[in-house]
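Read the figures in this text as sums done on the coordinates, not as results from a lab. Since we're looking at a predicted model, the values are computed, not measured. Heads up, the Cβs are rebuilt from the backbone with ideal geometry, glycines too, and the neighbour counts pull from every protein chain shown.
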Amino acid sequence: MADSKEYMTLPEENGSINISEEVIAAIAVGAAREVEGVSGMMTAMGGSVTDLLSNKKNAQKVARGVKIDMTGVDLVLDLYLTVEFGHPIPEVAENVQKAVASAVEAMTGCQVGAVNIHVGGVTMSETPKT
């Protein structure tokens, strides 16, 4: 396994299952993008761009718009996204929390303790209203 990746390890009877943090992030992003009202993922998670890009691991997290804390018993995910104009932000955020937790738990078997949503922008519709 590559040294730059972090893995969630699930002990099993016949050995162990190692799931990359990148796999968990991909599942979370896929589930979030399916929620009505989500227009995209943010590319910044706070701090300066220099601080984020000075660390290769942080740069990878910036690119995918999700941060995962695998240090505790349960996973804690922070998603950074934009919402389409006209959709109620609290409703969209709650739907993303439910969708992400459900997808990650179903696909990995890992318990999700929290899904924190950070809305960093609102996008306008591409089609003009008549």
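For the reader, a short list of remarks on this structure follows.
- Rounded to the nearest 20 debye, the dipole magnitude of the range 72-130 is 100 debye, with +1 charges on Lys and Arg beta carbons, -1 on Asp and Glu beta carbons, and the Cα centre as origin.
- Relative packing of peptides 30-38, 105-113 - highest average C-beta neighbours within 10 Å first: 30-38, 105-113
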